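Working notes for the structure below.
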Amino acid sequence: MAYFENVSKIQYEGPTSKNALAFKFYNPEEIIGDRTMEEWLRFGVAYWHTFTYDGTDPFGHGNMIRPWNHLKGMELAKARVEAAFEFFEKLNAPFFCFHDVDIAPEGETLRETNKNLDEIVDMIEDYMKTSKTKLLWNTANMFSHPRFVHGAATSCNADVFAFSAAKVKKGLEVAKRLGAENYVFWGGREGYESLLNTDMRLEQDNLARFFQMAVDYAKEIGFSGQFLIEPKPKEPTKHQYDFDVATGIAFLKKYNLDPYFKFNIEANHATLAGHTFEHELRVARINGMLGSVDANQGDPLLGWDTDEFPTDLNATTLAMYEIIKNGGLGKGGLNFDAKVRRGSFEPEDLFRAHIAGMDSFAVGLKVAHKLIEDHVLDDFIANRYRSYNEGIGKEIIQGKADFKTLEEHVLDMKEFKNESGRVEELRALVNQYLLTAF
Ligand code: XLS
Ligand code: CA
Ligand code: CA
């Protein structure tokens, strides 16, 4: 049975195509630098937004028209798997991602839940034998169920800590079975509402203990995927512990966990943390910890996590700039952690939205590659910092200077020659590249 019968395989038709269900810029085989677009971009489909989300928002009921809406329980879960693999095939998506609860319904006990999960994972495993779509990452949902009201690994309730550990244990087994490239930890409720009732030190120590147990268990079962922490400052918790990449690095280093983790960086979470997307990517990159990306965008007029499909070309260009500079994403990819707007309720909108996101990142890739190839920003930056190539600057870099020699250098100096940072010129330059890349 076809779930998306109005859609055939999405093809690349080029920038002038008028076909909404075709790629205009994403041409998987096109070579950019040393690899193909497909190899650079490693797109992933998020199971939760694409196959599970029904349009519910805090003010309204579900409204999405989906071919599986009449089904319930395990029948619904199975239909979604069938639909998902049809979708991946038609979109030519190399990867997908899911939370445990996205793919199978929860039972009354973990034993029952795991039984449901096993049945669906069997089915997914079967599909994956013939599909080219691979698992970018899976994760455990430890935020929706009421038991997680005070957190998971940071809960004040040790039974909840244990339950969370058992869920991740299962998640790692599933990851190994399905050959996941990564395993993600997003701590939606790992934080606090008020310090009046919180033992912050114990909660953070417990979170570290939890991560260490995950590292140990992965080793024990031979799961070799990359562990990723996904920072987010707030939502649903008022103050989340993995606030942003810098906070995450400090946490990992304090507990000696940094060798085992990289970051999964989401654009909308960067915005919520008061950063640009490229800032978070840069912080991770220069620390050797850029793992994967949740490719979406927020709405500057709304202050919350709107998870929109990415269409801002300036943002995709600056993001791809960091990714290319990183030498690509390795085991990571660009997962569309993005949902169609409530008004976009037709099944075909799922394709339209992914095409928009894939084309936007393809443009970003091409423009960023050209910017790097032409050395425009690199040359500008090298010149801007040239005072460190000789004289006192070189001595600072080489560790030969101290406060006394530096004082000597400036004590009688009357003029300090600064030059313009020319940020407007550089922004216009990026625009020029954007407008002339195709
Ligand atoms: C929520 C997060 C979540 C993670 C996976 O804001 O983005 O969806 O990506 O749990
Ligand atoms: Ca995310
Ligand atoms: Ca989000």
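The values are calculated or read from the model by the stated rules, or taken from the named source; none is laboratory data. Values in this document were obtained by computation on a predicted structure and should not be read as measured data. In this analysis, Cβ positions are derived from the backbone assuming ideal geometry, glycine residues included, and neighbour counts consider all displayed protein chains.
Out of everything in the stretch 207-233 that is within 16 Å of ligand 3 (Cβ to nearest atom) and assigned to a loop (DSSP other than H, G, I, E, B), what residue ends up being nearest to the chain's Cα centre (by Cα)?
Residues of the stretch 207-233 that are within 16 Å of ligand 3 (Cβ to nearest atom), as a first pass: 228-233.
Remaining after also requiring assigned to a loop (DSSP other than H, G, I, E, B): 230-233.
Working: E230: 7, P231: 9, K232: 11, P233: 14 Å.
Residue satisfying both the conditions and the ranking: E230.
Among the listed residues L365, L329, identify the single one that is touching a residue at least 60 places away in the same chain (Cβ under 8 Å), within 16 Å of ligand 2 (Cβ to nearest atom), touching a helix residue (DSSP H, G or I) at 6+ places or on another chain (Cβ under 7 Å) and farther than 23 Å from G274 by Cβ. Outline the logic, then answer.
Working: L365 fails: within 16 Å of ligand 2 (Cβ to nearest atom).
Checking each option against the conditions leaves just L329.
Only one of the numbered conditions (1) free of Cβ contacts under 8 Å to residues at least 24 places away in the same chain; (2) surrounded by 17 or more Cβ atoms within 10 Å (Cβ to Cβ) is not met by Y47, and that is (1).
Just to be sure before I move on: is E278 assigned to a helix (DSSP H, G or I), closer than 30 Å to A2 by Cβ and not small (G, A, S) in the structure I sent?
So E278 fails the test.
Listed here are the residues, each with its yes/no results for (1) surrounded by 15 or more Cβ atoms within 10 Å (Cβ to Cβ); (2) in contact with a Ser or Thr (Cβ under 6 Å, 6 or more places away or on another chain); (3) at pLDDT below 95; (4) farther than 30 Å from C97 by Cβ.
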position	(1), (2), (3), (4)
I324	yes, no, no, no
G332	yes, yes, no, no
V410	no, no, no, yes
S420	no, no, no, yes
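Test K331 against the stated conditions and say whether it is of a type outside the set (V, I, T) and assigned to a helix (DSSP H, G or I). Against the criterion (of a type outside the set (V, I, T) and assigned to a helix (DSSP H, G or I)), K331 does not qualify.
Mind checking whether some residue in the stretch 25-34 is small (G, A, S) and within 24 Å of M320 (Cα to Cα)? Within the stretch 25-34, one or more residues are small (G, A, S) and within 24 Å of M320 (Cα to Cα). Quick check on the stretch 55-73. Is at least one of its residues surrounded by 14 or more Cβ atoms within 10 Å (Cβ to Cβ), closer than 20 Å to F336 by Cβ and within 16 Å of ligand 3 (Cβ to nearest atom)? No, the stretch 55-73 has no match at all.
In the stretch 246-259, is there at least one residue being within 15 Å of ligand 2 (Cβ to nearest atom) and touching a Leu at 6+ places or on another chain (Cβ under 6 Å)? Before the answer, list the steps.
Pass one, the stretch 246-259, residues within 15 Å of ligand 2 (Cβ to nearest atom): 248.
If we keep only those that are touching a Leu at 6+ places or on another chain (Cβ under 6 Å) as well, we get none.
No: the stretch 246-259 contains no residue that is within 15 Å of ligand 2 (Cβ to nearest atom) and touching a Leu at 6+ places or on another chain (Cβ under 6 Å).
Condition check: more than 16 Å from ligand 2 (Cβ to nearest atom), at pLDDT 95 or above and more than 25 Å from G171 (Cβ to Cβ). Does H239 satisfy that? Step through it out loud before you land on a result.
Working: more than 16 Å from ligand 2 (Cβ to nearest atom): yes; at pLDDT 95 or above: yes; more than 25 Å from G171 (Cβ to Cβ): yes.
It is true that H239 is more than 16 Å from ligand 2 (Cβ to nearest atom), at pLDDT 95 or above and more than 25 Å from G171 (Cβ to Cβ).
If you go through the stretch 328-345 and keep only what is within 18 Å of L228 (Cα to Cα) and more than 16 Å from ligand 1 (Cβ to nearest atom), you end up with G328, G330, K331.
Keeping to the stretch 123-166, report how many residues are charged (D, E, K, R) and within 25 Å of the chain's Cα centre (by Cα).
Quick first cut of the stretch 123-166, residues charged (D, E, K, R) only: 125-126, 129, 132, 134, 147, 159.
Remaining after also requiring within 25 Å of the chain's Cα centre (by Cα): 125, 132, 134.
Result for the stretch 123-166: 3.
Restricting attention to the stretch 290-326, and to residues there that are under 14 Å from F277 (Cβ atoms) and in a strand (DSSP E or B), which single residue is nearest to ligand 2 (Cβ to nearest atom)? Step by step, filter the stretch 290-326, then rank; the result is D294. Remark: F85 falls outside the filter, which requires a residue to be surrounded by 22 or more Cβ atoms within 10 Å (Cβ to Cβ) and either at pLDDT below 95 or not in a loop (DSSP other than H, G, I, E, B) (or both). Among the residues of the stretch 390-432, those identified as among the aliphatic types (A, V, I, L, M), within 43 Å of the chain's Cα centre (by Cα) and over 22 Å from I372 (Cα atoms) are I392, I396, I397, A401.
Looking at A270, A250, which is the one that is buried (at least 21 other Cβ atoms within 10 Å of the Cβ), at pLDDT 95 or above and either of a type in the set (S, T, Y) or not in a loop (DSSP other than H, G, I, E, B) (or both)?
On the way: A250 fails: buried (at least 21 other Cβ atoms within 10 Å of the Cβ).
From the options A270, A250, the qualifying one is A270.
Return the only residue of A46, A83 being farther than 28 Å from P146 by Cβ and among the small types (G, A, S).
Working: A46 fails: farther than 28 Å from P146 by Cβ.
Within the list A46, A83, the selection yields A83.
The residues on offer are F345, F351, F361, and the sole one that is within 30 Å of H61 (Cβ to Cβ), buried (at least 16 other Cβ atoms within 10 Å of the Cβ) and not aliphatic (A, V, I, L, M) is F351.
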